[in-house]
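Reading through the structure tokens given below for one structure.
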Amino acid sequence: MIEAFEEEVAKRGLADQVDILTTGCHGFCERGPVVVIKPQGIFYERMQVKDVASVVEETLVKGTVVEHLLYKDPGTGEKIVHEHDVPFYKLQQREILSMNGLIDPTSIDDYIAVGGYGALVKALYE
């Protein structure tokens, strides 16, 4: 899926405007794979490679949402656009996963940039 996003973004000349990050699980695994468009926080569930072109066109180019990929609240039937409004996430205060979606979990540089290894430095030098 990442490759499909990279190709589609490049094809539309958006590579210098869009960062594509691999993330760990967002916690709502039964709805995955998920894609969250930042900074708006648009939450797309059950993504497939065939959906990538429409997400890039509709959301990144036109600024609209792809309705059929939005989470549907089983209690109300309401389509929910933003990740923070999904009932699963709504009352969570994310401590351990607070950087999920903001940094690449495979990048040591990203980890260090957000204070990774800070406890080790403190233990060794303070």
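The values are calculated or read from the model by the stated rules, or taken from the named source; none is laboratory data. Given the structure is predicted, the values throughout are model-derived calculations rather than measurements. Glycine gets a Cβ as well: all are built from the backbone with ideal geometry, and neighbour counts include every protein chain shown.
Only residues that are within 20 Å of Val81 (Cβ to Cβ) and part of a loop (DSSP other than H, G, I, E, B) were counted in the range 22-44, giving 11.
Here is the figure for the range 87-99: residues that are at pLDDT below 80 and aromatic (Phe, Trp, Tyr) total 1. The set of residues from the range 55-66 being surrounded by 14 or more Cβ atoms within 10 Å (Cβ to Cβ) and either of a type in the set (Phe, Trp, Tyr) or in a helix (DSSP H, G or I) (or both) comprises Val55, Val56, Glu57, Glu58, Thr59, Leu60. Per this entry, His84 is counted among residues that are at pLDDT below 95 and in a helix (DSSP H, G or I). Consider the range 8-21 and keep the residues that are exposed (fewer than 14 other Cβ atoms within 10 Å of the Cβ) and not in a loop (DSSP other than H, G, I, E, B). The one that is farthest from the chain's Cα centre (by Cα) is Lys11.
Inspect all residues belonging to the range 40-47 and state whether any of them is on the phi > 0 side of the Ramachandran plot, in contact with a His (Cβ under 8 Å, 6 or more places away or on another chain) and surrounded by fewer than 17 Cβ atoms within 10 Å (Cβ to Cβ). There is at least one residue in the range 40-47 that is on the phi > 0 side of the Ramachandran plot, in contact with a His (Cβ under 8 Å, 6 or more places away or on another chain) and surrounded by fewer than 17 Cβ atoms within 10 Å (Cβ to Cβ).
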